[in-house]
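Notes follow the structure.
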Amino acid sequence: MASEAGGAPLVGVLALQGDFLDHEAALQAQGLRTRQVRAARDLQGLHAIVLPGGESTTMLTLLDVEELWQPLGDTLRSGIPVLATCAGMILLAQKVENPSQRSYGMLPITVVRNGYGRQLHSGTFRLESDVLPKDTTGTFIRAPRITAVGPGVDVLARRGADPVLVQHGPLLAACFHPELQPGSHPVVERFAAMVRKHAVAGVGL
């Protein structure tokens, strides 16, 4: 269950479906507090939020069922740090293909769902990056593929020629699953630093 003890920054983790527990564990290992977000009331007082991996179409359905689509959108647009992995990145993308589907449209990228193939083509691959440590890897599971990057989006890592880690202001999004790597992943560390900086500069929602 989520941990809210102590005075560390509080990160909400969307917990309708997907690997939210792994995200919580990775964030708590960085000394952050976490809260599972299942209803609009869970969005209060957050310093940051995570949209985890999972199945984006199922998440869309459950966001409607729980009447969470609009409240979550308001939180995502509030300026707090956001980490979006795999399906979470699809929810943020400006354009989604194969097939097209609804999204928040906040991140100026085009993504293709299951762009690297399905389960058979999943695995852990080395990332090329000028900002992450050498030999950093990413675990791709039925991963979306970024096919276009818009203005203002920084590409922080690539798999071959493809962007796989991007940042647009407070939005940090990955095609892969940094939360699944044993120990500490540089992407989780980067997000934790973003959260702490935001918490010092201001207050939660």
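The values are calculated or read from the model by the stated rules, or taken from the named source; none is laboratory data. Keep in mind that what you see is a predicted model, and the values were worked out from it rather than measured. Counting neighbours? That spans all protein chains shown, and the Cβs are built from the backbone with ideal geometry, glycine included.
Looking at Val166, Val195, Val187, which is the one that is more than 23 Å from Ser56 (Cβ to Cβ) and buried (at least 23 other Cβ atoms within 10 Å of the Cβ)? Testing whether each residue is more than 23 Å from Ser56 (Cβ to Cβ) and buried (at least 23 other Cβ atoms within 10 Å of the Cβ) leaves just Val195. Val166 falls short on exactly one of the conditions (1) of a type outside the set (Ser, Thr, Tyr); (2) in a strand (DSSP E or B); (3) at pLDDT below 95, and that condition is (3). Among the candidates Ala161, Ala143, the residue that is surrounded by fewer than 13 Cβ atoms within 10 Å (Cβ to Cβ) and more than 30 Å from Gly45 (Cβ to Cβ) is uniquely Ala161. Whether any residue in region 112-122 is over 21 Å from Val96 (Cα atoms), outside any loop (DSSP other than H, G, I, E, B) and at pLDDT 95 or above is what I want to check. No, that holds for no residue.
Within region 78-103, the residues that satisfy the criterion of being under 23 Å from Gly12 (Cα atoms), of a type in the set (Ser, Thr, Tyr) and over 13 Å from the mean Cα position of the chain (by Cα) are Ser78, Ser103. Out of all the residues in region 139-152, is one or more of a type outside the set (Val, Ile, Thr), more than 17 Å from Leu172 (Cβ to Cβ) and in a loop (DSSP other than H, G, I, E, B)? Yes: region 139-152 contains one or more residues that are of a type outside the set (Val, Ile, Thr), more than 17 Å from Leu172 (Cβ to Cβ) and in a loop (DSSP other than H, G, I, E, B).
On the basis of being at pLDDT 95 or above, of a type in the set (S, T, N, Q) and over 25 Å from Arg145 (Cβ atoms), does Thr61 make the cut? Criteria not met by Thr61. When you look at Pro108, is it out of contact with any Ser or Thr (no Cβ under 6 Å at 6 or more places or on another chain) and at pLDDT below 95, yes or no? Judged against the criteria, Pro108 is not a match. The condition of being closer than 21 Å to Gly169 by Cα, touching a residue at least 12 places away in the same chain (Cβ under 8 Å) and under 16 Å from the mean Cα position of the chain (by Cα) holds for only one of Thr34, Thr75, that being Thr75. When only residues in region 115-137 that are surrounded by 15 or more Cβ atoms within 10 Å (Cβ to Cβ) and in contact with a Pro (Cβ under 7 Å, 6 or more places away or on another chain) count, which is nearest to His177 (Cα to Cα)? Looking at residues that are surrounded by 15 or more Cβ atoms within 10 Å (Cβ to Cβ) and in contact with a Pro (Cβ under 7 Å, 6 or more places away or on another chain), I get Thr136.
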